[in-house]
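Down below is the structure, laid out as structure tokens.
Derivation of every value follows stated rules applied to the coordinates shown; laboratory data play no part. All figures in this text were calculated on a predicted structure; none of them were measured in a lab. Please note: Cβ atoms are built from the backbone with ideal geometry, for glycine as well, and neighbour counts cover all protein chains shown.
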Amino acid sequence: MTPAIVVQFLAQGAQMFLVLLIAPLAVGVTRRVKARLMRRQGAPLLQGYRDLAKLVRKESVLAESASWLFRTAPYLVFALTWVAAALVPSFASGLMFNWAADVVALVALLGAARALLALAGMDVGTSFGGIGSSREMMIATLAEPAMMLIVLTFAIAAGTTRLAGVADFFIAEPIAVRVSLALSLVALVIVALAENARIPVDNPVTHLELTMVHEAMVLEYSGRHLALIEAASMLKLTLYLSLLICLFVPFGMAPAAAGLGGWLIGTLAWSAKLLLGAALLGVWEVSIAKMRVFRLPDFLGVAFVFAFIAILLAYLSRGATV
Amino acid sequence: MLGVYGLGGALGVLAVAALLATLTRSALALVYPLCAIAAVVLGAVDLHVLLSDGSLSASLPLGLPTIGLRLRLDPLSAFFGIVVNGGVLAASLYGLGLDRRTELTPRVEPLFPIFAAAMNLVLIADDAYGFLFFWELMSLSSWALVVARHTDPESRRAGHLYLVMAALGTVSLLFAFGGLAGPAGGYSFEAIRALPPGPAVAALVLAAALVGCGSKGGLIPLHAWLPLAHPAAPSHVSALMSGVMTKVAIYGFMRIAFDLLGPPAWWWALPPIVLGALTAVLGLLYAVLDRDLKRVLAYSTVENVGVIFVALGLALAFKANAFSAAAAVALTAALLHVLNHSWFKSLLFLGAGAVLHATGRRDLDGLGGLIRAMPRTAVLFLVGALAISALPPLNGFVSEWLLFQAVLAGPTLPQASLHFAAPAVGAMLALAAALAAACFVRVYGTAFLGRPRSVEAARAHDVAVVQQVAMGLLALLCILGGLLGGPLAGALGPLVREIANSALAAGGGPTPLSLVAFDARRSVYDAPVIALFVAIASLTTLVIVHRISERRTRRGPAWDCGFPDPSPATQYTASSFAQPLRRVYGTVAFAARETVTMPPPGDRAPAHFSVALVDYAWRIFYAGPARAVLGLAQRLNALQFLTIRRYLVLMFAALVILLSIAAVTT
């Protein structure tokens with residue numbers, strides 16, 4: 001083992017813990033901004049950490065009909081989301097994981113986490129769990145094709161499906177105003193809202209039965225299991241914000257060969273952009289109402305059409321990359 | 001030479017098994033051990049040929065008088081032979097666990113080895129006559145297996161439709177080989193290869209091959225028989241038909257399109273890509289709305305065949321444009337998907353067989369809670385369900401990943417239609433992947449999770465150990481195939497290089513096991529690293545959470561927003577799970593309409609809810625032609641009751657017309 005590999009390994013580990021550490025703060029910022037805009041005091045910024053700590057320490061109540069899958073799913077969902085979040089370049093582009101999987105695998109890892117959670121929602125055998133799982137999978141069938149088209153658009157532009165390669169490409173090449181990128185941005189934002197169960201697709205704070213999607217699916221969870229699921233959804237939000245940052249505003253990110261100084265600047269830039277993104281999400285959420293479930297195909301259809309036009313433009317503009 | 005003896009001996013064992021089982025009832029139990037042994041031997045020979053990149057050939061004085069019966073096992077046949085014999089082995093192991101007194105019948109067991117042998121023989125046939133003969137043997141033996149439960153009217157209907165479609169398929173293949181052989185009539189594959197047909201004939205041959213092989217594989221609109229016939233057979237035979245026989249159809253298409261037809265033209269790629277993409281999406285839409293466990297699996301086979309055809313079409317397009325690296329990626333994706341699908345689909349059908357055996361039911365809405373009643377089957381079925389949903393780190397995702405990489409190379413294609421088909425196909429594949437996940441969450445969620453919806457489901461039990469072993473082997477292959485995608489692609493390298501003039505760079509990635517498309521700078525998927533990190537992350541989380549949390553777990557009634565209902569009927573069923581998907585996609589694809597009839601106020605009559613779906617494919621491609629044929633037959637019926645003078649007049653008129661045509665044309 002050469003020292004370079006050790007440093008790489010440590011840097012990758014640092015990224016994994018950094019995303020885990022900042023995720024509850026990002027959610028806290030969103031909640032705080034929402035509360036202030038509604039002229040409420042709002043919970044402290046660190047409430048996310050406190051919630052998790054409280055849930056982890058509480059005893060877990062399992063339904064009598066819950067099987068082993070119900071107890072295992074939270075750990076796997078958390079781990080899959082965590083690894084997926086670590087795949088997205090945050091402060092530097094040349095880390096270890098960037099060589100292990102690309103965007104297609106990233107989308108699929110999130111898909112695996114979602115499928116497990118949907119299965120867990122069906123496990124207890126209640127109507128709410130089923131309603132949540134069924135709607136979540138329906139939304140996924142609308143969001144995933146759009147997501148795949150978006151990442152393919154970027155892959156075509158950069159000539160690689162490795163996210164770090166895409167980021168490197170956009171750091172090196174000054175971003176020109178490209179129509180395909182603008183369309184992709186809109187599409188990706190819509191997909192991110194749907195995947196994270198945010199308004200207008202789903203409401204993360206509601207417990208009004210018939211409007212729940214994600215919350216209905218995890219309704220039976222409590223204690224440490226719920227803590228893991230909450231942590232996974234916080235990580236997912238951070239993941240999507242990082243993805244948006246990495247694709248559209250990558251400046252400040254340390255390139256592959258950067259040293260400690262570059263990483264430090266990268267970390268600061270990334271954290272600032274992430275928290276800004278979380279604040280913007282809060283502003284967005286207070287300014288729009290939730291949609292009915294069956295209006296969602298139209299909303300996500302917009303994302304799909306935009307992504308499709310974007311990829312067509314990318315195909316037109318880019319010839320040979322092989 | 002040993003290989004030839006091995007092949008001959010194993011096929012002989014299959015023949016003996018069939019013969020013994022036909023002769024005496026007490027020999028029925030011998031069929032599966034003999035089939036398992038034959039499958040192992042055949043698989044070993046296939047593996048040897050594939051890895052050594054050689055070929056075996058033999059010629060027998062049977063068949064057509066001029067050329068005899070030519071047999072040849074080349075790497076392409078050997079690869080498909082591994083697929084076939086893996087499936088036969090698993091199905092035979094499963095068959096070993098069948099109850100000797102009640103479950104073995106002379107209607108199934110004698111045909112099983114014939115079916116297995118016929119599939120192997122199609123693969124090694126080296127002349128058109130032998131290919132068609134064995135193809136027909138495969139069709140007929142599987143047809144007889146479908147109608148084994150002939151007392152069931154549904155089986156009979158399935159058998160009827162299957163027979164019609166199989167006949168259609170064989171006739172089109174007959175035309176295809178006629179076109180390939182040309183006017184000179186060289187029916188051995190060697191002669192055909194030496195003289196590839198011209199472009200017009202090639203187009204006809206390709207169309208005929210697409211109809212012939214597509215009808216066997218279930219390409220929409222030729223799919224209608226498949227979801228009826230595959231589930232009607234006994235479950236281990238369903239596994240063979242769905243997991244393996246559809247692959248023989250793919251082999252037929254590959255043999256014709258990549259080998260016998262000569263160098264491809266770019267437009268050959270369009271029909272398989274377009275039909276394949278349509279098949280992938282529509283197959284899953286059918287699957288996600290169906291309530292019969294085995295039929296859902298059969299529809300999902302239709303989808304996977306579509307995915308494979310898309311990959312083959314892309315390979316043709318890249319090959320025609322001499323983009324050999326991209327052709328290699330697409331072809332490897334197709335071959336790996338063939339292998340992967342044969343594993344997880346066999347696993348799922350065997351699992352469905354176990355469920356059917358334990359509960360006597362295949363309707364999803366009558367199952368539930370099997371994860372407690374059949375714990376081992378439940379775990380194995382879960383592996384299959386996650387693998388077929390193309391979720392990492394299992395094997396389905398490996399081929400899916402490669403296929404997306406091939407789609408990504410689409411912008412390089414110079415032809416406008418292919419250039420723009422690529423992103424559309426990418427979107428449809430992504431939709432199919434997402435629908436597959438929804439479909440199998442639905443299947444697993446309603447059959448295995450939740451609370452039992454019937455007495456039978458509550459009283460179910462795991463199946464015999466040897467049947468669990470059969471499923472366990474396949475599940476292991478699904479996991480290993482997911483982790484070892486790189487080495488597997490490397491092992492296919494020589495075969496892929498032979499067809500596409502290029503192969504995936506083996507071992508070019510950052511770790512020895514990583515899968516690399518094009519080059520390592522462009523796309524890498526390192527399943528072992530990902531799996532390792534997921535495992536480490538979940539285990540450390542488990543340890544840490546258990547250390548800081550209060551470890552107690554209390555069991556209580558379900559929360560369900562405060563109003564838990566003890567009746568299992570309040571659970572989400574397969575139908576209710578499909579409702580959002582039906583509203584979003586079904587309204588377009590099947591003109592789905594929901595009608596709710598409420599009684600007037602004060603009336604205590606029950607309300608009614610009904611869903612109407614229109615199967616356009618059936619209406620256009622089956623019901624319409626069937627009506628036309630019947631109508632025509634009725635008109636022509638009059639011809640059977642003419643006087644002898646009129647018959648003589650008709651014959652004379654026919655003769656005059658034919659002679660005048662001959663006079664004009666010469």
Would you mind calculating the gained length between residue B:611 and residue B:547 on full extension (0.36 nm times residue separation, minus the Cα-Cα distance), in nm to one decimal? 17.8 nm
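Which FRET efficiency value, to the nearest 0.05, is calculated for residue A:249 and residue A:72 with the Förster distance at 30 angstrom and r the Cβ-Cβ distance?
Working: r = 38 Å, r/R0 = 1.26.
My answer for the efficiency is 0.20.
Please list the equivalent ellipsoid semi-axes of chain B, computed as the square roots of five times the alpha-carbon gyration tensor eigenvalues, in descending order and whole angstrom.
On the way: eigenvalues 334, 214, 152 Å².
Those come to 41, 33, 28 Å.
Can you give the extra length, in nm with one decimal, that the chain gains between residue B:640 and residue B:107 once fully stretched, where that is 0.36 nm per residue apart less the Cα-Cα distance?
Values: separation 533, 0.36 × 533 = 191.88 nm, distance 3.74 nm.
Taking residue B:640 through residue B:107 to full extension adds about 188.1 nm, to one decimal.
Give A:34/A:236; B:216/B:319; A:236/B:345; A:34/A:58; B:247/B:345; A:34/A:273 a once-over and call out the pairs whose C-alpha atoms are over 22 Å from each other. Don't jump to the answer; show the numbers that get you there.
Values: A:34/A:236 19 Å; B:216/B:319 25 Å; A:236/B:345 32 Å; A:34/A:58 28 Å; B:247/B:345 12 Å; A:34/A:273 18 Å.
B:216/B:319; A:236/B:345; A:34/A:58, as the Cα separations exceed 22 Å there.
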Toy charge model, Lys and Arg Cβ at +1, Asp and Glu Cβ at -1: the range A:116-255 dipole around Cα centroid in debye, rounded to 20, equals 320
Please work out the C-alpha center-to-center distance from the range B:110-140 to the range A:1-80 and express it in whole Å. 58
In terms of the alpha carbon gyration tensor, root eigenvalues a ≥ b ≥ c, rounded if a/c is under 1.5 and otherwise prolate when a/b exceeds b/c or oblate, the range A:7-75 is oblate
Please list the radius of gyration and Dmax for the range B:200-243, considering alpha-carbon atoms only, with Å as the unit. 13.2, 43
In nm, the gap between the two label points placed 7 Å beyond Cα toward Cβ at residue B:511 and residue B:462 is 3.1
With r as the distance between the Cβ atoms of residue A:280 and residue A:302 and R0 = 25 Å, compute the FRET efficiency 1/(1 + (r/R0)^6) and round to 0.05. 0.85
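So what is the relative contact order of the range A:28-126, in percent, for Cα pairs below 8 Å that sit 6 or more residues apart?
In percent, rounded to a whole number, it is 31.
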Determine which aspartates and glutamates satisfy two conditions relative to residue A:54: a Cα distance under 19 Å, and not lying fewer than 8 residues away in the same chain. A:215, A:220, A:230, B:550
Hey, with R₀ at 56 Å, roughly what FRET efficiency would residue B:195 and residue A:185 work out to, going by the Cβ-Cβ distance, to 0.05? 0.50
Packing-based exposure ordering (other Cβ within 10 Å, fewest first) of B:66, B:446: B:66, B:446
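Starting with the fewest neighbours, write out B:651, A:212, B:119 ranked by other beta-carbon atoms found within 10 Å of each beta-carbon. Could you put the intermediate results ahead of the total?
Numbers: B:651 10, A:212 22, B:119 29.
With the fewest neighbours first, B:651, A:212, B:119 line up as B:651, A:212, B:119.
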So, with points 7 Å from each Cα along the Cβ direction, the residue B:576-residue B:650 label distance in nm works out to 6.2
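What number comes out for the charge environment of residue B:346, summing +1 per Lys or Arg and -1 per Asp or Glu over other residues with Cβ under 15 Å away? Each step should come with its number before you reach the end.
On the way: positive: B:247, B:294, B:345; negative: none.
Around residue B:346, the charge tally is +3.
Please arrange B:160, B:461, B:223 by counting, for each residue, the other beta carbons lying within 10 Å of its beta carbon, fewest first. Can you show the working numbers first?
On the way: B:160 16, B:461 11, B:223 27.
Placing the least packed residue first, the sequence is B:461, B:160, B:223.
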Using a 10 angstrom cutoff on alpha carbons, build the Gaussian network for chain A and name the most mobile of A:206, A:267, A:153. A:206
Extension length gain for residue B:469 and residue B:521 (0.36 nm per residue less Cα distance), in nm, is 14.6 nm
CD proxy, 222 nm, the protein assembly as shown: helix-only mean residue ellipticity via -39,500 (n - 2.57) per DSSP H run with n ≥ 4, per residue, nearest 500, stands at -22000 deg cm²/dmol
Taking a crude spin-label model, label points 7 Å out from Cα along the C-beta direction, the residue B:662 to residue A:295 distance in nm is 7.7
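With a ≥ b ≥ c taken as the square roots of the eigenvalues of the C-alpha gyration tensor of the range B:1-100, please select rounded if a/c is under 1.5 and otherwise prolate if a/b is larger than b/c or oblate if it is not?
On the way: a/c = 2.84, a/b = 1.45, b/c = 1.97.
Since a/c reaches 1.5 but b/c is at least a/b, the shape of the range B:1-100 is classed as oblate.
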